[in-house]
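The values are calculated or read from the model by the stated rules, or taken from the named source; none is laboratory data. Model, not experiment: these values are computed from the prediction. Note: ideal-geometry Cβ built from the backbone for every residue, glycine included; neighbour counts use all protein chains shown.
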Amino acid sequence: MKRLIVLALACAIAPLASAELYKYVDKDGKTVYSDTPPPGVDAKTVHVAPSSGGGGTGPKPAVTLDKELEKGRALAKDREKKAEVEEKNAKIAEQKCEQARQNLRTYTDGGRLFKYDAKGEREFLTDEEIEAARVAAQKDVDESCKS
């Protein structure tokens, strides 16, 4: 029973011991690391902490990988939604631009243009009214067709 306790205690304490390394420069000028100091050479002691197995350099746990994967999926979904919204907005802007150009063509091409008065009767536009509407249509085209 005592042997089992001593063995368990030795196994528990073994990882806590830190390894010692010695660093020195050999006769060829190369830096050498060794676990035993060479005789007659000025060696410096380098303390190295033992690896804990689950440290930052080892593989990531599955839970962390799952969280990162889910985060990546969410980002991709957000990018896709933004792209759809931008595409829809671009299509609407294109339609507005085309409508504004058609309105401008109506006032630029000439012809007899009319409007309805309060009684519902047709009334022909004067040249000044046509010019004012053409200027307004040109402004609308400039604003709607920026790109």
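Within region 15-36, the set of residues being part of a loop (DSSP other than H, G, I, E, B) and either modelled with pLDDT under 75 or touching a helix residue (DSSP H, G or I) at 6+ places or on another chain (Cβ under 9 Å) (or both) comprises Ala17, Ser18.
Do we have any residue at all in region 61-82 that's in the same structural domain as Ala132 (by TED's automatic domain parsing) and within 30 Å of Arg134 (Cα to Cα)? Taking every residue of region 61-82 in turn, none turns out to be in the same structural domain as Ala132 (by TED's automatic domain parsing) and within 30 Å of Arg134 (Cα to Cα). Suppose the filter is loosely packed, with under 10 Cβ neighbours inside 10 Å, in a helix (DSSP H, G or I) and at pLDDT below 95; does Val141 pass it? So Val141 fails the test.
Filtering region 113-135 to residues that are surrounded by 13 or more Cβ atoms within 10 Å (Cβ to Cβ) and part of a helix (DSSP H, G or I) leaves Glu129, Ile130, Ala132, Ala133, Arg134. Within region 90-112, the set of residues being surrounded by 15 or more Cβ atoms within 10 Å (Cβ to Cβ) and among the small types (Gly, Ala, Ser) comprises just one member, Ala100.
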